[in-house]
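Reading through the structure tokens given below for one structure.
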Amino acid sequence: MVFEARTRSLAAPSTAVRPGARPRRRVAGAAAVALILLAGATGCTGSGRSQPPPAGAASATAATGPSPTPAAPAVEVRDDLAGLFRQAGLRGTFVMYDVTAGRVVMVDRARAERRFVPGSTFKIAHSLIALETGVVRDEREKVPYGGRPQRVAAWERDMGLHDAVRVSNVPVFQELARRIGPDREREWLHRLGYGNGEVGPAVDRFWLDGPLEISADEQARWLARLARGELPADRGHQGTVRDILRLERTAEYALHGKTGWTDATDPGTGWWVGWVERGDRVYCFALNVDVHTDGDADKRLPLGRQLLHRLGALPAP
């Protein structure tokens with residue numbers, strides 16, 4: 001059972017119901033306008049075991065060529081900021097990768113390096129995979145949602161990637177996953193270096209219930225590659241995904257982001273990931289928290305913004 005991408009004014013819960021699943025609690029709000037952005041990274045510690053790529057994956061990677069591995073950034077542990085989590089009544093972690101300075105800031109390093117199911121934050125990588133595999137021509141091509149009643153009214157229409165990411169449309173991305181298929185999903189997860197790279201037996205559930213997992217540290221570092229167009233994928237496609245994820249643009253900064261929420265585990269996990277462009281600086285971030293109630297999920301963005309303000313990525317409110 002999964003809840004995804006919900007904010008009070010910019011997002012709504014995303015979930016998909018499996019046959020035989022236990023009843024879900026109703027999520028307030030009929031409209032679902034999802035807050036945007038994902039993601040993970042490579043070369044970080046985490047639980048979980050990667051599967052070897054299937055036949056053909058190695059040759060595909062070699063043809064594209066992996067991005068050069070950057071020097072490992074310095075890690076600064078800021079557990080003094082854990083008080084902000086306590087004030088919000090939450091348990092969680094925050095990672096901010098100051099790409100320009102080559103510095104990673106972590107609140108609760110042990111949790112920052114632990115992998116969790118990504119939920120809707122995987123829609124970032126999934127959009128890129130859909131474009132790279134050609135299952136959609138571009139971000140505007142309409143994808144059918146299936147015609148069945150959905151828990152969120154905004155999901156009950158066919159839509160392209162651009163709108164499907166913004167409302168966190170689960171059935172549309174499940175259709176895309178079935179088009180891509182498990183072998184290509186697995187190939188691209190390994191090529192992109194996303195989390196543990198595991199797909200499992202259910203091609204339309206692996207990012208909702210697992211076995212796919214990624215840590216907050218991996219999310220921030222992976223997003224740094226996307227933000228700079230350094231993933232082993234078409235640069236135009238990476239630019240399209242970046243455009244989809246843009247939440248705000250002012251004279252001082254641009255904010256990109258995507259929320260996610262899954263209760264495949266107990267407690268559930270709420271995410272907010274993305275990056276801030278401010279002058280010539282790029283700050284990639286990943287927040288995850290335990291979610292016991294709908295109210296816990298509502299606190300993700302205010303807490304994330306507060307941390308970004310404290311660390312200088314966003315200007316003072």
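Things to note:
- Leading residue by the ranking (nearest to residue 210 (Cα to Cα)) among those in segment 282-298 that are touching a Leu at 6+ places or on another chain (Cβ under 8 Å) and buried (at least 24 other Cβ atoms within 10 Å of the Cβ): 289
- Residue check, residue 121 in contact with a Gly (Cβ under 6 Å, 6 or more places away or on another chain) and touching a residue at least 12 places away in the same chain (Cβ under 8 Å): yes
- Residue check, residue 295 over 16 Å from residue 118 (Cβ atoms), within 17 Å of the chain's Cα centre (by Cα) and free of Cβ contacts under 8 Å to residues at least 40 places away in the same chain: no
- Residues of segment 243-281 that are more than 26 Å from residue 316 (Cβ to Cβ) and crowded, with 16+ Cβ neighbours inside 10 Å: 244, 260, 261, 262, 263, 264, 268, 269.
- Among residues of segment 215-228 that are crowded, with 24+ Cβ neighbours inside 10 Å, those with a beta-carbon under 8 Å from a residue that is basic (Lys, Arg) and at pLDDT 95 or above at least six positions away or on a different chain give the pairs 215/114; 215/115; 216/111; 218/115; 226/242.
- Residue within segment 75-84 that is modelled with pLDDT under 95 and loosely packed, with under 12 Cβ neighbours inside 10 Å present: no
- Strands (runs of 3 or more DSSP E) contained in segment 194-294 and holding at least 2 residues among the hydroxyl-bearing types (Ser, Thr, Tyr): 254-262
- Residue that is farthest from residue 245 (Cα to Cα) [pool: residues in segment 152-177 that are in a loop (DSSP other than H, G, I, E, B), touching a strand residue (DSSP E or B) at 6+ places or on another chain (Cβ under 9 Å) and not β-branched (Val, Ile, Thr)]: 158
The values are calculated or read from the model by the stated rules, or taken from the named source; none is laboratory data. Small disclaimer: the values here were computed from a predicted structure and weren't measured. Ideal geometry is used to build each Cβ from the backbone, glycine not excepted, and the neighbour counts take in all protein chains shown.
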